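Only one structure is covered here, and it is reproduced in the block below.
The values are calculated or read from the model by the stated rules, or taken from the named source; none is laboratory data. In this text, all values refer to a predicted model and were calculated from it rather than measured experimentally. With ideal geometry, Cβ positions are generated from the backbone for all residues, glycine too; neighbour counts draw on all protein chains shown. Heads up: the accessible areas ignore ligands, DNA and RNA and are worked out on the full protein's heavy atoms, side chains in. Shrake-Rupley method; radii C 1.70, N 1.55, O 1.52, S 1.80 Å.
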Amino acid sequence: MGPASDPELLQTHQDNPLALAEIDSPPQPDPAPESITIRSVLLGLITVFASTVYMDHHAGNLVKAYLPVSVLIPFLNWIVLNTALKLFVPRFALNRVELLTILAMVWVGGNLPAVGWGSYAVSLVPSPHFYASPENRLAEVVIPHLPEWLFLNTSDPRVYSVYAGLSPDESVPWALWVRPFFWWLVGGLATVFATLFGTVIFFKQWDEQERLAFPMSTFPVDLLETDDGGIPSLFKNKLFWVGFAITAGIIFWNILGYFAISLPRITIFDQYRTKELALGRDFPPLFLRIQPLLMGLAYLCPTDILFSIWVYNIFNTFKIGILNRTGFTVGIEGQPAEAGTLASLESSGALFMLVAWSVWVSRRHLRETVVQALGPREKDDGVPISYRTAWAGWIMSILILAGWMNAIGMSVYTVILQLIFLFACYFGISKYAAATGFTFITPAGGKGFGIIRMIGGTANMTPSSQIALRLLAGNMYLGATVRTAFVVAFPHIFKMLGQKLWQYRNIWAVMILAYVFGYATAAGSRIHQSYMDGGLNGLLNTNDMRSLASNVPFIEGTKTWVFDHQKLGVWLFGAGEAGILTFLRSRFTWWPIHPVAVAFPERRYLFAIFLVWVIKASVLRFGGVSLYRRSIPVWYGAIFGYLLGIAVSSVVDAIWFPDEGHFVHGF
């Protein structure tokens with residue numbers, strides 16, 4: 001079966017996201033005026049706080065995605081609670097925009113606790129002196145180049161106590177931690193602002209001209225559609241409960257097994273490594289992983305993208321295996337790159353090509369935004385803020401970020417390279433998460449450190465530049481790329497607010513507030529927990545320090561890489577590959593392979609994506625758009641049941657199994 005092409009489907013679905021056969025007329029509007037209210041902001045902050053503290057103590061594994069369950073579970077709780085309010089005390093019920101405001105705040109600020117960012121951040125700040133030893137040589141090679149204002153010294157007993165814990169008569173020395181976290185926030189917040197302003201500049205291009213699918217915004221909006229009685233329309237759809245029963249039933253069965261250990265566990269949703277399918281020596285494994293959240297959202301993705309991802313990644317898997325088996329490497333003498341590294345270089349080049357092409361096709365729109373920014377204010381139709389403010393804010397944010405990078409030790413040359421790679425990384429994530437709905441989409445090369453070093457070498461980099469690059473590639477700066485939720489949240493929140501986005505101009509300030517509040521809450525929760533229980537008891541980790549220690553030979557210059565034209569050739573090959581695929585898609589409507597598959601390689605969820613493609617392509621071929629539209633509630637129900645099951649399992653673990661827990665969601 002070939003890939004289905006469904007432009008009509010996309011148009012229909014975007015015009016009516018829910019598109020259920022049972023709904024013949026649009027729901028009646030809420031009698032209360034829809035607006036961003038003070039109570040919705042306060043409830044959003046309370047939700048961020050409660051979610052952050054709970055995740056940090058009991059469910060840190062729930063933050064590993066761009067739209068994590070740590071965001072969706074509180075949102076679904078609010079939907080259920082608000083439904084009860086509408087039925088019994090309607091004067092206290094929240095309107096649609098208030099619920100979306102809470103979602104926006106939790107999405108931007110609620111993905112920071114535990115492994116989302118907080119645990120790595122609190123671990124890094126006091127770690128240089130604590131982990132320095134004669135063997136790793138951090139004290140003589142790395143620490144002299146670290147800005148003191150970004151770190152704490154464990155020679156101070158008050159700092160050391162974060163590892164050993166406090167004595168009964170001591171209190172948490174909060175003031176010590178303000179300085180380093182403030183200065184880390186300066187760099188992070190500059191990036192957040194740059195992303196927000198960039199989203200404003202490109203949003204209309206993506207939404208109105210390219211008509212991206214935005215699956216991650218479609219699901220929450222559809223859940224908010226209600227009947228005259230205030231009940232979510234999906235709750236009255238039988239197919240919704242079929243999907244719900246499948247996923248919730250599996251997880252609830254496993255929860256019973258927590259207590260009745262003789263019950264066999266259903267492992268279909270277990271960690272991807274338990275689903276490994278070995279292909280042979282030197283070949284990367286495939287994983288028969290089922291992930292309901294990813295699959296439910298991917299069902300809204302165009303079939304050509306689904307087809308492209310599983311086909312290309314099957315090809316890529318065998319390509320890597322053959323290169324490994326034959327021992328093929330690329331690189332000048334002394335710095336060879338093997339198959340896995342070559343694949344990363346290829347994908348990074350493809351990502352840059354896609355980003356460059358996206359900017360190029362947006363040139364008319366960008367020109368218009370500049371004209372409006374420089375023209376009369378009344379003709380500036382940028383939303384939720386004007387293009388004049390967006391362009392000025394974007395330029396100012398980039399300058400602040402560049403200055404911050406230079407202050408932490410980067411040379412001007414390195415700052416420029418890092419900014420270019422950050423733009424490609426976050427632009428690619430933002431746009432193609434909106435195009436695909438994949439909650440785990442990951443750019444090859446991450447924030448750029450590995451690619452910069454592999455191609456450009458280290459010979460022309462100062463020690464402080466290398467250290468700063470390594471630090472920014474780690475988790476302290478905004479977290480890992482796959483957990484940088486705000487990049488995806490901004491355009492999706494704009495999409496959810498719809499054609500009336502201009503009425504909710506304060507949403508940008510609310511989201512920034514949520515990020516700063518979430519940042520402080522995530523850091524504060526982990527600091528408090530570490531002082532109370534002792535950070536060495538599994539609360540603090542050594543990940544980023546180990547990475548720095550492994551780079552000591554490069555930093556001190558005993559090991560040096562130089563500019564590698566052969567690796568650059570592989571990177572350019574990837575760019576050319578994406579360029580050819582882009583050209584073929586623009587010239588031949590039947591061409592099936594989308595270049596996004598090359599830029600964002602994925603094996604962990606390849607099987608899940610394949611299953612979604614088979615089901616969706618079959619539905620469209622044999623039932624058409626009508627059957628596809630009627631089948632959407634099944635997938636929504638599966639997502640809802642999966643989230644409810646995770647929430648119940650997490651609470652059960654927190655009460656009865658606080659020291660062990662059970663795997664229910666993650667990679």
Checklist outcome for this item: For SER649 the rounded accessible area (nearest 10 Å², probe 1.4 Å, non-protein molecules ignored) is 0 Å²
Checklist entry - Accessible area per residue of the range 526-667 at 1.4 Å probe, in Å²? => result 44 Å²
Item to check | Over the range 514-667, relative contact order from alpha-carbon pairs under 8 Å, at least 6 apart, % | outcome: 8 percent
Checklist entry - Can you work out the FRET efficiency for the pair ALA278 and GLU378, with r the C-beta to C-beta distance and R0 = 56 Å, to the nearest 0.05? => result 0.30
Checklist entry - Out of (1) 0.96; (2) 1.90; (3) 1.11, which label holds the value of Cα Rg over 2.2 N^0.38 Å that was computed here? => result (1)
Checklist entry - Which whole-number percent gives the relative contact order of the chain, counting Cα pairs below 8 Å spaced six or more residues apart? => result 30 percent
Checklist outcome for this item: Each label sits 7 Å from Cα toward the beta-carbon; between TRP590 and SER550 the label points are separated, in nm, by 4.8 nm
Checklist outcome for this item: Farthest towards the positive end of the dipole of the chain, among TRP206, ILE527, PRO134 and with Cβ unit charges of +1 on Lys and Arg and -1 on Asp and Glu, lies the Cα of TRP206
Next on the checklist: Please report, ordered by residue number, every helix of the chain (full DSSP H runs) that is 24 Å or longer along its axis going by C-alpha atoms and whose mean Kyte-Doolittle hydropathy reaches 0.0.
Outcome noted: 38-58, 69-88, 174-204, 238-259, 303-326, 339-361, 387-407, 412-436, 507-533, 565-587, 606-656
Item to check | VAL412, VAL664, ranked by accessible area, largest first (probe 1.4 Å) | outcome: VAL412, VAL664
Item to check | Net length gained if the chain between HIS58 and THR37 were fully extended (0.36 nm per residue, minus Cα distance) | outcome: 4.4 nm
Next on the checklist: Given a 1.4 Å probe and heavy atoms of the protein chains only, how would you sort ASP270, ASP564, largest accessible area at the top?
Outcome noted: ASP270, ASP564
Checklist entry - So what does the Cα-only Debye profile of the range 433-521 read at q = 0.12, 0.19, 0.20, 0.21 Å⁻¹, as log10 I(q)/I(0), no solvent term? => result -0.55, -0.98, -1.02, -1.06
Checklist entry - Once you sort the root eigenvalues of the Cα gyration tensor of the range 510-604 as a ≥ b ≥ c, which label holds: rounded (a/c under 1.5), prolate (a/b larger than b/c) or oblate (the other case)? => result oblate
Next on the checklist: For a 30 Å ceiling on Cα separation, which of these pairs sit above it: LYS204/LYS447; LYS447/LYS500; LYS204/LYS238?
Outcome noted: LYS447/LYS500; LYS204/LYS238
Next on the checklist: I'd like the distance between the alpha-carbon centres of the range 627-667 and the range 377-403, rounded to an integer number of Å.
Outcome noted: 40 Å
Next on the checklist: On a 28 Å Cα-Cα criterion, which of the cross-link pairs LYS86/LYS495; LYS64/LYS275; LYS236/LYS275; LYS567/LYS616 come out too long?
Outcome noted: LYS236/LYS275; LYS567/LYS616
Checklist entry - Can you pull the percent of the range 186-340's accessible area that's carbon plus sulfur, 1.4 Å probe, other chains left in place? => result 64 percent
Next on the checklist: Could you give the length gained by full extension between GLN209 and VAL562, i.e. 0.36 nm per residue of separation minus their alpha carbon distance, to one decimal place?
Outcome noted: 122.8 nm
Next on the checklist: Pairs of alpha-carbon atoms within less than 8 angstrom and 6+ residues apart define the contacts here; what relative contact order does the range 370-416 have, in percent?
Outcome noted: 25 percent
Checklist entry - How are the C-alpha pair distances of the range 533-667 spread across 5 Å bins, as whole percents from the shortest bin up? => result 2, 7, 7, 9, 11, 12, 12, 11, 10, 10, 7, 3, 1, 0
Next on the checklist: Run the helix sum for the chain: -39,500 (n - 2.57) per DSSP H stretch of 4+ residues, divided by residue count, reported at 222 nm to the nearest 500 deg cm²/dmol.
Outcome noted: -20500 deg cm²/dmol
Item to check | Cβ-Cβ FRET estimate between MET532 and SER262, R0 fixed at 51 Å, reported to 0.05 | outcome: 0.85
Checklist entry - For LEU286, which sequence-distant residues (separation of 5 or more, or a different chain) have an amide H within less than 5 Å of its own amide H, given hydrogens modelled in the peptide plane? => result LEU277, LEU279
Item to check | Principal axis box of the range 269-418, alpha-carbon based, largest edge first, Å | outcome: 65, 45, 29
Checklist outcome for this item: the range 517-548 and the range 404-440 have their Cα centres apart by a whole-number Å value of 25 Å
